[in-house]
Amino acid sequence: MHGLNPALATIRGRSIKPISESALLKEVVSSDEILSQDSAYQELRSELEEAAAEYLAVRQEALKASQVKRSPQSDAVYYPSAGEAGNLFGRGYPAGIWSMTYDDGPSGEHTPQVLANLKKTGHKATFFMQGSMVVAAKQVAKSVAAAGHEIASHSYSHPSFTPRKRPKVPDTSLDYDLQVDQAIKLTEQVTGARKIRLFRLPYGNGFDVPYIRQRLADRGLIHVYWTVDTLDWQDRNADSVYARTMKFVQTYGRGIILFHDVHPQSVIASHRVLEWMKEKQKAVCPVGAVIDQMNGKLAKCTAWKP
């Protein structure tokens, strides 16, 4: 950082006295002229101007998006929206209903094991797939849809939609065409699934940022968060993953469980959870099925068909 212009120090060191508006204006103009000669001031001013320009661009696009006409959603509880109706946490699920969700796949090694376990317990789940993983494991992706599970999107390559150090600010350089549009298009093409309507932001980052949520809503997508984070990506011990999961399951009594079908501990722990659900006769339904039930399109989520 460069030192300030000596004249600036003199101005800052002057005592404050009563001053008229016209005199104050002269002081401001004079001070600005002196400040303009200081390199540190110029550098800061340049940064502020760039930040202001970026902010205005974001505001303008968000305003433009908010003015797009949308058809009324009648009495629906959940639908594409930048507000609460377009962001599902699972806390509002009917009592005793759960959704098992799997992120980051499909995995050529672990996803088939998860599918086998789901078949054993007779449950359907929601798979939030990465576009890049779908490309790498097309046959596995197809098998997920063929088994009757719900297909959803988790972006193309799992980038954070917000800068890591600024979680409340959208990354305006993000390629939404690739990470959302193309990811969904190729996932639908490969799996043969009907129109994908659910999206989960990588790391959950941006779920509370209007700019990001509006861009998802404009694409007809509902964002899905979670009720129970199993931390299976971090904890490699299947026993502790299961214990942690069941602690929250028994506390909340309903909701969305987050697993990842790319880890061996996830396969084991999620199977144990499914067995518990079956033993306790809990309803386990894909996220979309619960949405349909809550929106009045299904009498019971268990009647859902892909």
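At-a-glance table
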{"quantity": "Estimated FRET transfer efficiency (GLN234, ALA85; beta-carbon r; R0 35 Å; 0.05)", "calculated": "0.65"}
{"quantity": "Simple spin-label estimate for LYS120 and ALA76 in nanometres, 7 Å along Cα-Cβ", "calculated": "3.8 nm"}
{"quantity": "Computed over the range 108-151: relative contact order in percent, which uses C-alpha pairs under 8 Å that are six or more apart", "calculated": "49 percent"}
{"quantity": "Mean Cβ count within 10 Å, highest first, over the residues of peptides 169-179, 106-116", "calculated": "106-116, 169-179"}
{"quantity": "Formal net charge of residues neighbouring PHE89 (Cβ-Cβ distance under 13 Å; K, R +1; D, E -1)", "calculated": "0"}
{"quantity": "Cα-Cα separations in the range 211-271 greater than 15 Å, expressed as whole percent", "calculated": "55 percent"}
{"quantity": "Unsatisfied cross-links (Cα-Cα over 32 Å) in the set LYS138/LYS278; LYS120/LYS165; LYS119/LYS247; LYS142/LYS247; LYS165/LYS300", "calculated": "LYS120/LYS165; LYS142/LYS247; LYS165/LYS300"}
{"quantity": "Accessible surface of the range 79-167, 1.4 Å probe, proportion on carbon and sulfur as whole %", "calculated": "53 percent"}
{"quantity": "Where a label projected 7 Å from the Cα of GLN250 along Cα→Cβ would reach, residues of the range 266-292 with amide N under 19 Å", "calculated": "269-283"}
{"quantity": "Accessible area per residue in Å² at 1.4 Å probe, computed on the range 95-237", "calculated": "41 Å²"}
{"quantity": "Charge tally in the Cβ shell below 9 Å around TRP98, where Lys, Arg are +1 and Asp, Glu are -1, TRP98 excluded", "calculated": "+2"}
{"quantity": "Net charge, SER160 excluded, C-beta distance under 12 Å - Lys, Arg +1, Asp, Glu -1", "calculated": "+2"}
{"quantity": "For VAL224, residues with placed amide H under 5 Å, excluding near neighbours", "calculated": "LEU88, PHE199, ARG200, LEU201"}
{"quantity": "Potential extension, ALA243-LYS300 segment - 0.36 nm per residue separation minus Cα distance", "calculated": "17.6 nm"}
{"quantity": "Cα-based convex hull volume of the range 134-176 per residue, rounded to whole Å³", "calculated": "93 Å³"}
{"quantity": "Equivalent ellipsoid dimensions for the range 170-244 as semi-axes, Å, which come from the Cα gyration tensor, largest first", "calculated": "27, 17, 12"}
{"quantity": "For MET129, distant residues with modelled amide H under 5 Å away", "calculated": "ALA152, SER153, HIS154"}
{"quantity": "Extension gain, GLU279 back to HIS158 (0.36 nm per residue minus Cα-Cα distance, nm)", "calculated": "40.0 nm"}
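The values are calculated or read from the model by the stated rules, or taken from the named source; none is laboratory data. None of the values given here were measured: they were computed from a predicted structure. Positions of Cβ are generated from backbone atoms using ideal geometry, with glycine treated the same way; all protein chains shown enter the neighbour counts. In case anyone asks, the SASA skips ligands and DNA or RNA and just uses the protein heavy atoms, side chains included. Shrake-Rupley method; radii C 1.70, N 1.55, O 1.52, S 1.80 Å.
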